[in-house]
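Structure first, commentary second.
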Ligand SMILES: [Cu+2]
């Protein structure tokens, strides 16, 4: 009995594609302007305070300017792997901006969808630099992912928790 080995050929195509992507990345790196020095220092570490006092009686104090915009940072894997540098993001309800950096040799975007799957915001698909997606979110659990075909299925997604 002889087996056809087509299945193996398919398996080998993934590393091949990766090598190709890396090769393209090297080429693109030569032509790209390496001028922008990204401000990588983000000192505001959202302190994860989980105060488990279950008294959520007051519905948000009207006095404080509650909607101070928050900026979350997210980056695509710079080597071209189909994943983000984070699989979870956390924010407070209100205005939420996602500053998405893509130094990968592939174009990506960041898209945010509700648990039911409806898209709440989709950033531009781009390669190089960073772009911001601004959203208004209420408390809940959302998904963020790249909507370029195939990327989400390959692992380019995560969970955005808003509380
Ligand atoms: Cu992508």
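Please treat every number below as a calculation from the coordinates, not as lab data. Note that this is a predicted model, so its numbers are computed, not measured. Positions of Cβ are generated from backbone atoms using ideal geometry, with glycine treated the same way; all protein chains shown enter the neighbour counts.
Could you list, ordered by first residue, the pairs with Cβ atoms under 7 Å in which the first is in segment 139-155 and within 19 Å of residue 126 (Cβ to Cβ) and free of Cβ contacts under 8 Å to residues at least 60 places away in the same chain and the second is assigned to a strand (DSSP E or B) and near the ligand (Cβ under 8 Å from one of its atoms), at least 6 apart or interchain?
148/108
Report those strands (runs of 3 or more DSSP E) wholly inside segment 71-123 carrying at least 1 residues which are at positive phi, within 15 Å of the ligand (Cβ to nearest atom) and buried (at least 16 other Cβ atoms within 10 Å of the Cβ). Step through it out loud before you land on a result.
Values: elements: 88-91, 94-101, 111-113, 119-122.
Ranges flagged: none.
Every residue in segment 124-154 that is more than 10 Å from the ligand (Cβ to nearest atom), in contact with a strand residue (DSSP E or B) (Cβ under 9 Å, 6 or more places away or on another chain) and not in a strand (DSSP E or B), please.
Start the filter on segment 124-154 by keeping residues that are more than 10 Å from the ligand (Cβ to nearest atom), which leaves 124, 126, 128-144, 153.
Of the ones still in play, those that are also in contact with a strand residue (DSSP E or B) (Cβ under 9 Å, 6 or more places away or on another chain) are 124, 126, 129-144.
124, 129, 138, 139, listed by residue number.
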